[in-house]
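What follows is one structure encoded as structure tokens, with my remarks underneath.
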Amino acid sequence: MTGMKTIVNALLRSPEGILMIRKPSTGFWFLPGGKLEPGESPEEGVVREVFEETGLLPLEMRLRGEFLLRFVDNVKEERKLYTFEVSRWEGDVDFLCREGSLAWQKVEHLDFLPMPDGDRRAILELLGRESFLHGEFLYREDYTLVAHRLTGTLFV
């Protein structure tokens with residue numbers, strides 16, 4: 001294995017929906033986020049990534065999930081993903097950023113958006129519970145989900 005990449009993303013909810021970004025390279029919708037920089041903690045990384053991609057500065061957040069992503073076509077690549085829920089932020093959304101276009105997506109529309117199925121499952125599971133979510137996803141290179149496992153842990 002060539003090393004595990006660590007990535008972070010953020011779940012931001014408002015009455016308008018969930019803030020998501022459409023990446024032009026894939027056409028898929030994702031939660032705002034990206035790779036950690038060297039020496040950066042997941043908390044620092046998610047604040048930086050959310051600000052870079054959305055123009056919003058997270059003020060209150062908590063870690064909601066930890067996921068392992070593997071790819072059957074590339075056994076050398078694994079990714080660890082930390083998902084934070086941001087409950088308070090400041091600033092205005094920059095709907096057209098250099099990373100893609102942003103939109104508030106209604107929860108009931110998630111089933112119809114082009115996005116990795118594992119992301120969709122994790123988001124819907126997080127929205128339906130207060131517990132911490134662990135998961136593993138096995139994808140093909142084109143983000144077709146081959147297998148997955150999600151388990152929750154109650155917050156104490």
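Read the figures in this text as sums done on the coordinates, not as results from a lab. What you see is a predicted model; the values in this text were computed from it and never measured. Don't worry about glycine lacking a Cβ; one is built from the backbone with ideal geometry, like all the others, and counts go over all protein chains shown.
Below are the figures for this structure:
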| quantity | calculated |
| --- | --- |
| DSSP-assigned coil residues among chymotrypsin sites (Phe, Trp or Tyr not before Pro) in segment 79-156, each with at most 14 further Cβ atoms within 10 Å | F95, F155 |
| DSSP-defined beta bridges in the chain - what % are antiparallel, rounded to 5 | 70 percent |
| Rounded to 10°, Cα long-axis angle of helix 42-54 versus longest principal axis of the chain | 60 degrees |
| Square roots of five times the Cα gyration tensor eigenvalues for segment 73-156, Å | 23, 20, 14 |
| Net charge dipole size for the chain [Lys, Arg +1 and Asp, Glu -1 on Cβ; Debye, nearest 20] | 360 debye |
| Cα pair distances in segment 1-122, grouped into 5 Å bins until the bin that holds the longest one, percent each | 2, 11, 21, 24, 22, 13, 5, 2, 0 |
| Trypsin sites (Lys or Arg not before Pro) lying in DSSP loop within segment 102-156, provided at most 16 other Cβ fall within 10 Å | K106, R129, R140 |
